[in-house]
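First comes the structure, then the notes that go with it.
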Amino acid sequence: MNSIFESKEKRTILIVDDTPDNIALLSALLKDQYKTKIATSGMKALQIARTEPYPDLILLDVMMPEVDGYDTCRRLKASPETAEIPIIFLTAKTQVEDEEMGLKLGAVDYITKPISPPILFARVATQLNLKSAREMLQNQNYHLEKLVCDRTSQLTLMQDATIMAMASLAETRDNETGNHIRRTQNYVAALARQLQSHPRFSSVLTDENIALLYKSAPLHDIGKVGIPDHILLKPGKLTADEFEIMKLHTVYGRDTIISVEKYIGGSNDFLTFAREIAYSHQEKWDGSGYPENLKGEEIPVSARLMAVADVYDALISKRVYKPAFSHQEAIDIMRKGHGTHFDPDVLDAFFEIEEEFIAIAKRFHDSERDAWALSSTL
């Protein structure tokens, strides 16, 4: 019987029967089209079936001493190595209950004795074709899943590159910020991991959300692209009017993210975090920050994490308007903001992992000269 699923290599059939005449008959009928293996007991059948190469189909007698066909089938289906091998029962039993029993145990078909060659050939070919179809489908599914995985990885890489490119647009406006976005995104992730088991933060800081926070953190200052150079790069203290303009970088950042959400027709967790961070990372715990004067729990968790990360990095980095402070100087300054500028629990988490912050700062230093300064001042 020809089929599009037939392989050039002969398929293997395991014949299990305790009667030599039955084995001789089945072997003679099948040998021209298939490879055959022989077992004269249930235990021998289990041994052969679990030995590679596994049979493609099993013809299993029901009435055998010690381990009968039903128990043999049950054991075959319970083993991961043999569970998918189709089993056709061969038996002289003709009661409906017997056939029902075999099918419940996982057999795919039931052939009554005496064996009719045409029926045997047709049933065997059908089950082998079905097995080939299943294997082909599984193989296609595997390749499809791999293709989806590869494409997803490529898309993720492209998204990450786009995010960094967008963030770098803001950073190029200020040639002294260097690896600021790299450092702050790692600071944020470190703080999030430290607070992950804290009852105030555990519902937000899941593994998935921490990964999204890490990706969205670089966009915190994207709104700076809208700030004029004479204000953004001013070496001295800003006037009151200039500071009001500088504050608008949070609004510009939020509006940029909103425009993306409108373009794609909705939002997602990544864009939500990016919008929160861009708009609210300058808010302060006591309500004295900007742009909304949010207070305490009104400030999104993402923005509270970024506030600590951003201020710390600004303190230890050289800017046009200030020298770089040492790590200890930065710690002392930030400690004064405990419960006023910063969420006290977030700042406490920062103090607990300050050595990790030092390591991140060294890893993503701005230049060899800065690396020397960092090592001498931290």
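Derivation of every value follows stated rules applied to the coordinates shown; laboratory data play no part. Please read these numbers as outputs of a predicted model, since none were measured by experiment. Glycine also receives a Cβ, built like all others from the backbone with ideal geometry; neighbour counts cover every protein chain displayed.
Structure summary
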| read-out | value |
| --- | --- |
| Answer label for Rg and Dmax of the Cα atoms in Å (calculated), chosen among [x] 35.2, 105; [y] 22.9, 69; [z] 21.7, 77 | [x] |
| Karplus-derived 3J(HN,Hα), 6.51/-1.76/1.60, for each residue of segment 276-287, Hz, glycine and proline x | 4, 5, 4, 8, 10, 6, 9, 6, 10, 4, 8, x |
| Selected from Ile181, Ile15, Ile163 as most flexible by GNM, with the chain as the system and alpha-carbon contacts under 10 Å | Ile15 |
| With Cα atoms, 0 to 90° folded angle of helix 207-216 axis to the chain main axis | 50 degrees |
| Cα long-axis angle, helix 301-316 against the chain (0 to 90 degrees, to the nearest 10) | 50 degrees |
| Cα centroid separation, segment 332-366 to segment 285-312 (Å) | 14 Å |
| Amide H within-cut-off set for Thr36, under 5 Å, with H built and near neighbours excluded | Ile13 |
| Highest-MSF residue in the chain out of Val62, Val188, Val251 [GNM, Cα springs under 10 Å] | Val62 |
| Above-threshold pairs, the threshold being 32 Å between Cα atoms, out of Lys31/Lys146; Lys146/Lys362; Lys262/Lys362; Lys37/Lys146; Lys215/Lys262; Lys44/Lys146 | Lys31/Lys146; Lys146/Lys362; Lys262/Lys362; Lys37/Lys146; Lys44/Lys146 |
| Nearest-20 debye value, the chain charge dipole, Cβ charges on Lys, Arg, Asp, Glu | 740 debye |
| Whole-Hz couplings from phi, Karplus 6.51/-1.76/1.60, listed for segment 217-225; x for Gly and Pro | 3, x, 8, 4, 10, 4, x, 5, 4 |
| Segment 100-128 and segment 15-75: distance between their alpha carbon centers, rounded to Å | 13 Å |
| Integer Hz, Karplus 6.51/-1.76/1.60 couplings in order for segment 65-77, x for Gly and Pro | x, 6, 9, 7, x, 4, 5, 4, 4, 4, 5, 5, 6 |
| Cα-based reach from Lys295 at 20 Å (exclusive), listing lysines while leaving out same-chain residues under 8 positions away | Lys247, Lys284, Lys336 |
